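The block underneath contains the structure these notes are about, expressed in structure tokens.
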Amino acid sequence: MIEIVPGKSEPIPVTTVSDAVLRFRPVEGYQWSRVSCYVPKLEASTRYIQCEPRSSKDRPFLFTINVDKDFNQELKDYHVITLTTPLIVENLLPVKMEYKVCDKKTGGALHMGELEKGAQAPVYYYETQQELVLTIRIPGFDWSEKEPILCNKSKDLADTIAVDDKNNKSLYLSIDNVYVPLVYYRTTWLTLLLQRK
Amino acid sequence: MVVTLNVEGYGDIKNANIQNVGKFAATAENGNRVLYTVSYHKGSKIVTVTSPVLVENKTSYPIQVLVEVKDSDTKPIELPTIRMSSPLCLLPC
């Protein structure tokens, strides 16, 4: 068993690489993930891993697993498995913000808190099939309507959220759901041409 | 500069080129693939031999990884990462 602290990486024992199956869990209070990675068949992919809690009172712990290949042909057997936070709420407003991430069906709050300007809050405790909505409050305004931030149909995702003041005047704020699968950086002064095979 | 690295239990990794810094894959005598990186630190060339599969934790929680060998009982396995550091060559002035 290997324990990896946040921000660090560890190699999988080289003796097992040809036949290893990997399972994951957060350090305390959770069972090993049912979903596993069979190392010899690793393919570049991204998926969710859910770990069930030992206590029925707790919610499942979710994280994202991304398998990446080194595209250099010399290193075709080289893989990096990256575990990331499945959902991050980030406050890009110039003021402090209160927020609640709720289950769309029940309306119950799964995660709530306050975020200072520029601060982030990771959200791990929900289930893969859950649809989530977000409500926020900023100083001088009431709680907003609950807007969808995670749902099965991406076209249903909200891109704005409105908060009303005491005079019922609405302030419209943006919600960014940015997903970029591939980014090219040109860091030379030369023109870069790309052709898709 | 080409060297032969010998990793206990794996046999020789012949013709490992450590001339240039970078990340390289090689096959050991027993057929297992290993990764070695070449870097400089304070005038020493550092060769790190490691596994070709890395797990990176970018969450804010410590994460445990269970390594099971297929069709066998789950048993913890020791990490045989080998790190060698030696002044193989000097940095050019």
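Summary of computed values
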| item | result |
| --- | --- |
| Qualifying residue in the stretch A:153-164 (condition: charged (D, E, K, R) and either surrounded by 14 or more Cβ atoms within 10 Å (Cβ to Cβ) or modelled with pLDDT of 85 or more (or both)) | yes |
| Odd one out for A:Val21 among (1) assigned to a loop (DSSP other than H, G, I, E, B); (2) over 19 Å from the mean Cα position of the chain (by Cα) | (1) |
| Complete set of residues in the stretch A:40-71 that are among the β-branched types (Val, Ile, Thr) and loosely packed, with under 15 Cβ neighbours inside 10 Å | A:Thr46 |
| Residue check for A:Pro60: under 30 Å from A:Arg137 (Cα atoms), within 13 Å of another protein chain (Cβ to nearest Cβ) and either within 19 Å of the chain's Cα centre (by Cα) or modelled with pLDDT of 90 or more (or both) | no |
| Residue check for A:Cys37: more than 7 Å from every other protein chain (Cβ to nearest Cβ), surrounded by 15 or more Cβ atoms within 10 Å (Cβ to Cβ) and under 16 Å from B:Leu54 (Cβ atoms) | yes |
| Some residue of the stretch A:116-128 being over 25 Å from A:Arg25 (Cα atoms), modelled with pLDDT under 90 and exposed (fewer than 13 other Cβ atoms within 10 Å of the Cβ) | yes |
| Residues (in a strand (DSSP E or B) and within 14 Å of chain B (Cβ to nearest Cβ)) located in the stretch A:114-128 | A:Gln120, A:Ala121, A:Pro122, A:Val123 |
| Filter pass, B:Tyr40 being more than 23 Å from A:Ser36 (Cα to Cα), buried (at least 17 other Cβ atoms within 10 Å of the Cβ), modelled with pLDDT of 80 or more and not β-branched (Val, Ile, Thr) | no |
| Candidates A:Glu10, A:Glu3 - the one that is under 14 Å from B:Ile63 (Cβ atoms), in contact with a Pro (Cβ under 7 Å, 6 or more places away or on another chain) and at the interface with chain B (Cβ under 7 Å from one of its Cβ atoms) | A:Glu3 |
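The values are calculated or read from the model by the stated rules, or taken from the named source; none is laboratory data. Just so we're clear, the structure is a prediction, and the values are computed from it rather than from any experiment. Using ideal geometry, Cβ is built from the backbone for each residue, glycine included, and neighbour counts are taken over all protein chains shown.
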